[in-house]
1. Based on what the data block shows, is ASP98 farther than 19 Å from GLU60 by Cβ, touching a residue at least 24 places away in the same chain (Cβ under 8 Å) and buried (at least 21 other Cβ atoms within 10 Å of the Cβ)?
2. Does LEU487 fit the bill of being under 30 Å from ASP520 (Cα atoms) and surrounded by 15 or more Cβ atoms within 10 Å (Cβ to Cβ)?
3. Can you tell me which of ASP282, ASP258, ASP241 is in a loop (DSSP other than H, G, I, E, B) and either surrounded by fewer than 18 Cβ atoms within 10 Å (Cβ to Cβ) or without any contact (Cβ under 8 Å) to a residue 24 or more places away in the chain (or both)?
4. Read through the list (1) over 26 Å from GLY510 (Cβ atoms); (2) at pLDDT 95 or above; (3) buried (at least 22 other Cβ atoms within 10 Å of the Cβ), then give the number of the only condition that ALA324 fails.
5. Keeping to the range 285-325, report how many residues are aliphatic (A, V, I, L, M), closer than 21 Å to THR84 by Cα and either part of a helix (DSSP H, G or I) or in contact with a Phe, Trp or Tyr (Cβ under 8 Å, 6 or more places away or on another chain) (or both).
6. Of the residues that sit in the range 157-199 and are at pLDDT below 90, within 30 Å of ILE247 (Cβ to Cβ) and of a type outside the set (Val, Ile, Thr), which one is surrounded by the fewest Cβ atoms within 10 Å (Cβ to Cβ)?
7. Look at the range 139-190 and say how many of its residues are part of a strand (DSSP E or B) and assigned by TED's automatic domain parsing to the domain that holds GLN215.
8. Any residue at all in the range 450-457 that is within 30 Å of VAL401 (Cα to Cα), assigned to a loop (DSSP other than H, G, I, E, B) and touching a residue at least 12 places away in the same chain (Cβ under 8 Å)?
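The values are calculated or read from the model by the stated rules, or taken from the named source; none is laboratory data. No experiment lies behind these values; they were computed from the predicted model shown. Glycine also receives a Cβ, built like all others from the backbone with ideal geometry; neighbour counts cover every protein chain displayed.
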Amino acid sequence: MTKLFKNLWYGFDLSRKIFLNFVFFLIIVLIISVIVSSDGKPKVENGVALVLQPNGFIVEQLTYTDPIDKAMQEATGSQDAPETSLYDLIEALDNAKDDKRITSLVISTSYLWGAGVTKLQDLANAIKDFKTSGKKVIAFDDNFSQSQYFLAAQADEVIMSPQGGIFLTGFARIGTYFKSFLDKLGVNVHVFKVGTFKSAVEPFIRDNMSDAAKQANKAWMSDLWSEFQQDLAETRSLTSDDITSYINNYKENLIANDGNSATIALEAGLVDKLMTRIEFRDQMIELVGLDEKTKSFKSISHTRYLKAIKSPFNHINSNTSKVAVITAKGNILDGEHKEGAIGGDTVARLIRKTRNNKNVKAIVLRVDSGGGSAFASEVIRQELVKAQADGIKVVTSMGDVAASGGYWIAATSDEIWARPSTITGSIGIFGMVPTFEKPLNKWGIFRDGVGTTKYSNPVDGGMPLSDDVAEIIQTSINAGYDNFLSLVSEGRGMNKEDVDKIAQGRVWSGKKAHELGLVDNLGGLSEAIKSAAKLADIENYDVLYVKRKLSENEIFLKELFNQSQVKDLVQQKQVNNRKADLKGQLINQVSSGLKLLTQWNDPDSSYATCFCEVR
């Protein structure tokens, strides 16, 4: 009987292995067939129009998403907000400018969810450079939001649907406040901060924005709006007063024109023509010719164009001097993190790897961050200081936001560059410890015990925070702020008292920060790179973009899911990538605010964070 059962089990186990191996090899065969049958690199036909169509948010660095998770999200229509790399758009424009196969540029903003002012300005400069080729630039869409219109306005000709409209709004800083919600839950939020204007903690301790925060926010937003409005007016040969009048009189003009918003935009000089989609398509066919397959005008998207012109081999000359560019984008968190957040250890390792490259003579740190962990910020800054000690010049280039922890990592650079529309400063620090004893006690859950010393259990989420521990945390926060002032004082060549006057957690525009001495020069990334080379005294150099090295598994999955046929199968089920409706936006805002509580992981519970985006 024992022998019989053994034989039966052996047979069952063998069958199971054969079946699993069969399934495994079948998957391998399917993967290989997809790769082999891929249509390879797209071809760029002669006489086509390049279509610049950003999808989602325009970002400094794409957030890393596991390829399998991404494919599943796209297939089910539950994907995160789409992203388009700013530098992919600029690279496409730079190459298309001198590409004789490209005859014109079409700007389509239908799927653009938004972009920071500095990114819009960088992209606008690239479009202006493209226009020097003499090639026609046309923008068309049904409607334009504010950021969409800024991009479209760079065209030689802006065309809109007769049923469309342009709704310019100005800038706002709107936060979601949770105090009453947390009170109802019984959560005690213990806050420790330094700085009159350090308002990042206000959502957790107030139900509205403080007067100090309103004052500071209004000041820097006014600077940004003035810059944005002036750029927009100059592009359309208007004045800032024309833009202001269009906004302030929108309601009256809409009533006077029987609700026809397209006519208002046309009469105000914001658009050049009103056309239906069919009329626009016919105009483009007349300009560049008919594509027999699509029955539309001959075109190639910027994503396919980049795929067509990029070499599969990224050759780097190992003999030339290098200016290395390292991007720090997102919340600053302690430890290792993939793209989308700034891992203190991750970015520090990139800097360490870069400074050990004998050909690197300068590092440009591109910062797009409102800050985060004070500890992780200092880990990154220390690696930059070591690079300087090794004789490497360090220059910081600020993107949309380089505030709080984002300014911390930049403070001791040899030079700091920002756009006038950059949001920076917020030199301050805070700590926050939530405890949940009230809701736990309400449901009959209690925590109790003993320890060997007074501070055996200093912070316990299920117990009240003692006065002694609170005083210890506040003392540490005070010391952290003093340290922040000291490193800014050292890096900017200012005395600490003067730094304190412009610190206190207050946010500044790049323009004002330049006036205050927090920034050395006004300009974008390209200007910062040139300046870094000049500081390093090198004339002939290559720009080296330093990125996290993907694991073999990440590379395999990325290549697999980048195959065109796999993407086509996914895109058949992909939902429309237009921006979420008002309900979705509100839910996202509330959930993202609460999500920060789970992301903050500073070992000392000390944070240099600025909630200073504009909408």
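1. Numbers: farther than 19 Å from GLU60 by Cβ: yes; touching a residue at least 24 places away in the same chain (Cβ under 8 Å): yes; buried (at least 21 other Cβ atoms within 10 Å of the Cβ): no.
When the stated conditions are applied, ASP98 does not pass them.
2. Numbers: under 30 Å from ASP520 (Cα atoms): yes; surrounded by 15 or more Cβ atoms within 10 Å (Cβ to Cβ): yes.
The answer is yes for LEU487.
3. On the way: ASP282 fails: in a loop (DSSP other than H, G, I, E, B); ASP241 fails: in a loop (DSSP other than H, G, I, E, B).
Going through ASP282, ASP258, ASP241 in turn, just one is in a loop (DSSP other than H, G, I, E, B) and either surrounded by fewer than 18 Cβ atoms within 10 Å (Cβ to Cβ) or without any contact (Cβ under 8 Å) to a residue 24 or more places away in the chain (or both): ASP258.
4. With (1) over 26 Å from GLY510 (Cβ atoms); (2) at pLDDT 95 or above; (3) buried (at least 22 other Cβ atoms within 10 Å of the Cβ) applied to ALA324, the lone miss is (1).
5. Taking the range 285-325 first, the residues aliphatic (A, V, I, L, M) are 285, 287-288, 290, 300, 306, 308-309, 316, 323-325.
Filter again for closer than 21 Å to THR84 by Cα, leaving 300, 306, 308-309, 325.
When the remaining residues are screened for being either part of a helix (DSSP H, G or I) or in contact with a Phe, Trp or Tyr (Cβ under 8 Å, 6 or more places away or on another chain) (or both), the result is 306, 308-309, 325.
So the answer is 4.
6. So, considering only residues that are at pLDDT below 90, within 30 Å of ILE247 (Cβ to Cβ) and of a type outside the set (Val, Ile, Thr), the one surrounded by the fewest Cβ atoms within 10 Å (Cβ to Cβ) is GLY175.
7. Taking the range 139-190 and keeping what is part of a strand (DSSP E or B), we get 139-141, 144, 157-160, 166, 188-190.
Imposing the further condition that a residue be assigned by TED's automatic domain parsing to the domain that holds GLN215 reduces the set to 139-141, 144, 157-160, 166.
Number satisfying all stated conditions: 9.
8. No, the range 450-457 has no match at all.
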